[in-house]
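Undergrad: Let me give you the structure first, and then I'll get to my questions.
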Amino acid sequence: MNLDEFKEQLVIVPVNDAQYLRSEYIKSFVDVNRKYYKKYIETLSEYSDGLCYTGYLWDCLKDVMVIDLQYIELKSSVVDNVFVFWDIHTKERIFTKDYWRFGKERVLGLNFNTLLNNLEYLPEDIYIFDKSFKWTLVITHEFVDEKRWCLKSGNI
């Protein structure tokens, strides 16, 4: 599927709703009392493309478990529609062409299988969850022992 076809398969959540989803995600899954959160996420810095943070939400997940990408792929048989977003980083520190195909503060709604089959169109670190806010799956840019480092929190 090319990028235009992928875009037809998803909903770009309106800005106010996207802000709400991010806020609820943080309340549900992120330990905002960690020093790391306070220093690298809560404290925003001004860049040429606006206010951004420099950390990763996944560094502050509550009750986190390391998983592999195959675990996430297996969940495609039980998960239907999801939301996905990424960290709000500045373009000044990202050197990948077309990194923000959807805007850095956007949230997308789409079918889980469609998401998994089109990861190349999204930033490297993505946060996946559904409207229940009972679980999250995270795909990071990190590799450990040649495997993509992924995380989960909640019951999925």
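Undergrad: Taking springs between alpha-carbon atoms closer than 10 angstrom, which of 129, 143, 83 fluctuates most in the Gaussian network model of the chain?
TA: Evaluated over the chain, the most mobile residue of the options is 143.
Undergrad: Something else now. Give me the net charge of residue 2's neighbourhood, meaning all other residues with Cβ under 11 Å from the Cβ of residue 2; Lys, Arg count +1, Asp, Glu -1. Please report the intermediate quantities before stating the final value.
TA: Details: positive: 7; negative: 4, 5, 8, 120.
In short, -3.
Undergrad: Would you give the gap between the C-alpha center of the stretch 1-44 and the C-alpha center of the stretch 117-156, rounded to a whole Å?
TA: Between the Cα centre of the stretch 1-44 and that of the stretch 117-156, the gap is 13 Å.
Undergrad: What nm distance separates the two modelled labels at residue 78 and residue 11, each placed 7 Å from Cα along Cα→Cβ?
TA: 2.5
Undergrad: Tell me, what HN-Hα J-couplings in whole Hz come from the Karplus equation 6.51 cos²θ - 1.76 cosθ + 1.60 at θ = phi - 60° for each residue of the stretch 80-93, using x for Gly and Pro?
TA: Each residue of the stretch 80-93 in turn: 9, 9, 9, 10, 9, 8, 9, 5, 8, 10, 7, 5, 5, 10 Hz.
Undergrad: If Lys and Arg each add +1 and Asp and Glu each add -1, what is the summed charge of the other residues whose beta carbon sits under 10 Å from the beta carbon of residue 63?
TA: Value of the local net charge: +1.
Undergrad: Follow-up question, since we're still on this one. Quick one: 121, 127, fewest Cβ neighbours within 10 Å first, how do they rank? Present the calculation step by step, with values, prior to reporting the outcome.
TA: Details: 121 16, 127 28.
Ranked by crowding around the Cβ, least crowded first: 121, 127.
Undergrad: What's the tally of Lys pairs in the chain whose alpha-carbon atoms lie under 19 angstrom apart, where the two lysines are 8 or more places apart or on different chains?
TA: Close lysine pairs found across the chain: 22.
Undergrad: Hey, another quick one. Can you give the alpha-carbon Rg of the stretch 1-85 over 2.2 N^0.38 Å, where N counts its residues? Working shown, then result.
TA: Working: Rg = 15.8 Å, N = 85, 2.2 N^0.38 = 11.9 Å.
Compactness ratio reported: 1.33.
Undergrad: Let me ask something additional. Report the gain in length on full extension from residue 155 to residue 24: 0.36 nm times residue separation, minus Cα-Cα distance, nm rounded to one decimal.
TA: Numbers: separation 131, 0.36 × 131 = 47.16 nm, distance 1.68 nm.
Roughly 45.5 nm would be gained on extension.
Undergrad: I need the phi-derived Karplus couplings for the stretch 15-22: 6.51 cos²θ - 1.76 cosθ + 1.60, θ = phi - 60°, integer Hz, Gly and Pro marked x.
TA: 3, 4, 5, 5, 4, 4, 4, 4
Undergrad: Turning to a different aspect of this structure: Taking +1 at the Cβ of each Lys and Arg and -1 at the Cβ of each Asp and Glu, which of 71, 119, 21 sits farthest along the dipole of the stretch 1-122 towards its positive end, judged by Cα position relative to the Cα centre?
TA: 21
Undergrad: Which one is right for this structure if Kirkwood radius over Cα pairs in Å is calculated from it: [x] 16.0; [y] 17.3; [z] 15.5?
TA: Checked against the structure: label [x].
Undergrad: Kindly state, to the nearest 0.05, the FRET efficiency for residue 31 paired with residue 54, given R0 = 25 Å and r defined as their beta-carbon distance. Provide the component values of the computation, followed by the final result.
TA: On the way: r = 18 Å, r/R0 = 0.70.
E between residue 31 and residue 54, to the nearest 0.05, is 0.90.
Undergrad: Counting only trypsin sites (Lys or Arg not before Pro) that are in a DSSP loop and have at most 13 other C-beta atoms within 10 Å, tell me the longest site-free stretch of the chain. All intermediate terms of the calculation are to be shown ahead of the outcome.
TA: Numbers: sites that count: 62, 97, 101, 131, 134.
With a cap of 13 other Cβ atoms within 10 Å, the longest stretch comes to 1-61.
Undergrad: Using Cα-Cα distances under 8 Å and only pairs 6 or more residues apart, what relative contact order does the stretch 5-117 have, in percent?
TA: On the way: 118 pairs, mean separation 39.9, N = 113.
Computed value for the stretch 5-117: 35 percent relative contact order.
Undergrad: Given R₀ = 30 Å, what would the calculated FRET efficiency be for residue 38 paired with residue 97, taking r from the Cβ atoms and rounding to 0.05?
TA: On the way: r = 33 Å, r/R0 = 1.09.
According to the calculation, E is roughly 0.40.
Undergrad: HN-Hα J couplings of the stretch 59-66 from phi, Karplus 6.51/-1.76/1.60, θ = phi - 60°, integer Hz, Gly and Pro as x?
TA: For the stretch 59-66, the Karplus-derived couplings read 6, 10, 5, 7, 6, 8, 10, 6 Hz, x marking Gly and Pro.
Quick note: the coordinates plus some simple rules give every number you see, no bench work behind them. All values reported here derive from a predicted model rather than from experimental measurement. We place every Cβ from the backbone using ideal geometry, glycine too, and count neighbours over all the protein chains shown.
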